[in-house]
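What follows is a short report on a single structure.
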Amino acid sequence: MTRPSLSRLLAPALALSLALPLTLTPATAQAGVVEEALEQHILPGFETLAQEAQQLSATAAKVCDPGSVQLQQAYGEAFDAWVAVSHLRFGPTERDNRAFALAFWPDSRGKTPKALRALITAEDPIAKDAAAYTSVSIAARGFYALEFLLYDTDMQQQGSADYRCQLTRAIAEDIATTADVIWTDWRDSYADKIRHPGDRYRSEAEVKQELFKALNTGLQILIDMRLGRPLGTYDRPRPKRAEAYRSGRSQHHVILALEALAPLARILSDGDADLTAKLDGAFDTAIKHAKRLDDPTFAGVAEPGTRLRIEAVQQDIRKLRETIGEDLGPALGVEAGFNALDGD
């Protein structure tokens, strides 16, 4: 039986959230922004990531043929789960470079294929030791490294099939281990730091600042990276810089990220009916336009008509980010501040 994709699971929930009346139940109202963000967004998201990553590892242990529909589906489900929480780049995700271990992108210098080829050429035995594999170059770990093994025809010609199989299993297991430790840290310790400020966060206001920053970061990633990188310039479009184009997921990631960010924005609106309606409308417009692109890999950035539609989605998200900065930030009493994409 084919399992439904995470995006299909998210879509009905998102549509329902946009259609529901804005009146909060007593339990929800009492819970507050922070508790609601934890219980409805953060913890379920990372639990799903851990579960889907474990399923990916289990599937790879049974079948490692890159052409396997079962393996590709498990990969897609786990990758979906990561994209849905990829904006939450603080706490357990940030520790020990775990986010980069799951998703080393953008890779402007081509480090991932170089690192993989080096392992394959040498038939490095580290691929047989899951614990030791965490010490390899971070470029040879995570979803983008696995994408090369499953979808890149050139990589599939490198070395022996047996070693590539072992490497596929090692990367899948490493993804599962990393996802599980992130989820465990959230569940067992970091959630309490969010609920009870005083250590990592000095006040609830600082927690709200962190959540607002995560929302802002997610939108910035969409504008500058998921859309901006393949768009390049009009004279020099860069379709091969699109995220996960080898697996045909570039457009899908934009839609999925928007569908994941919309509920967080609604939570942060904290029951403000006018603000919630304004943000809902802006997200709905961006999602609708993103779905209409019909360009899975953003190859159309070099074609004027398609490029214009992709730029329109980027502009939708820019306007959305402006609304969040001008309306949601002041309502929360916070500013965007630095985010996970900024330097020290």
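The values are calculated or read from the model by the stated rules, or taken from the named source; none is laboratory data. As the structure is a computational prediction, the values presented were derived from the model and not from experiment. Counting neighbours? That spans all protein chains shown, and the Cβs are built from the backbone with ideal geometry, glycine included.
What to note about this one:
- Meets criteria (of a type in the set (Val, Ile, Thr), closer than 29 Å to Met155 by Cβ and buried (at least 16 other Cβ atoms within 10 Å of the Cβ)) for Thr276: no
- Pairs with Cβ under 8 Å, 6+ apart, first in the stretch 73-88 and within 14 Å of Ser57 (Cα to Cα), second modelled with pLDDT under 95 and not in a helix (DSSP H, G or I): Gln73/Thr2; Gln73/Arg3; Gly76/Ser5; Glu77/Arg3; Glu77/Ser5
- Scope the stretch 196-232; condition among the acidic types (Asp, Glu) and either more than 18 Å from Glu94 (Cβ to Cβ) or under 20 Å from the mean Cα position of the chain (by Cα) (or both); matching residues: Glu204, Glu210, Asp224
- Condition check for Ala205: out of contact with any helix residue (DSSP H, G or I) (no Cβ under 6 Å at 6 or more places or on another chain) and among the hydrophobic types (A, V, I, L, M, F, W, C): yes
- Set Arg236, Arg187: member being surrounded by fewer than 19 Cβ atoms within 10 Å (Cβ to Cβ), in contact with a Leu (Cβ under 8 Å, 6 or more places away or on another chain) and closer than 28 Å to Phe143 by Cα: Arg187
- The C-beta contact set for the stretch 201-227 (first residue not assigned by TED's automatic domain parsing to the domain that holds Ala286, second residue surrounded by 23 or more Cβ atoms within 10 Å (Cβ to Cβ) and outside any helix (DSSP H, G or I), distance under 6 angstrom, 6+ apart or interchain) is empty.
- Once the stretch 88-133 is narrowed to residues that are among the polar types (S, T, N, Q) and within 21 Å of the chain's Cα centre (by Cα), the residue that is surrounded by the most Cβ atoms within 10 Å (Cβ to Cβ) is Thr93.
- Residues of the stretch 262-312 that turn out to be under 26 Å from Gly232 (Cβ atoms) and charged (D, E, K, R), as a count: 9
- Residue that is under 19 Å from Arg89 (Cα atoms) and hydroxyl-bearing (Ser, Thr, Tyr), where the choices are Tyr144, Tyr133, Tyr163: Tyr144
- Number of positions in the stretch 142-170 that are within 21 Å of Ser250 (Cβ to Cβ), without any contact (Cβ under 8 Å) to a residue 60 or more places away in the chain and surrounded by 23 or more Cβ atoms within 10 Å (Cβ to Cβ): 2
- Among (1) out of contact with any Gly (no Cβ under 9 Å at 6 or more places or on another chain); (2) not in a loop (DSSP other than H, G, I, E, B), the one test that Asp65 misses: (2)
- Odd one out for Leu222 among (1) over 16 Å from Trp82 (Cβ atoms); (2) at pLDDT 95 or above: (1)
- Filtered residues of the stretch 219-240 (kept if in a loop (DSSP other than H, G, I, E, B) and either farther than 16 Å from Glu303 by Cβ or of a type in the set (Lys, Arg) (or both)): Arg236, Arg238
- With respect to (1) out of contact with any helix residue (DSSP H, G or I) (no Cβ under 6 Å at 6 or more places or on another chain); (2) within 24 Å of Arg89 (Cβ to Cβ); (3) assigned to a loop (DSSP other than H, G, I, E, B), the lone exception for Gly271 is condition (2).
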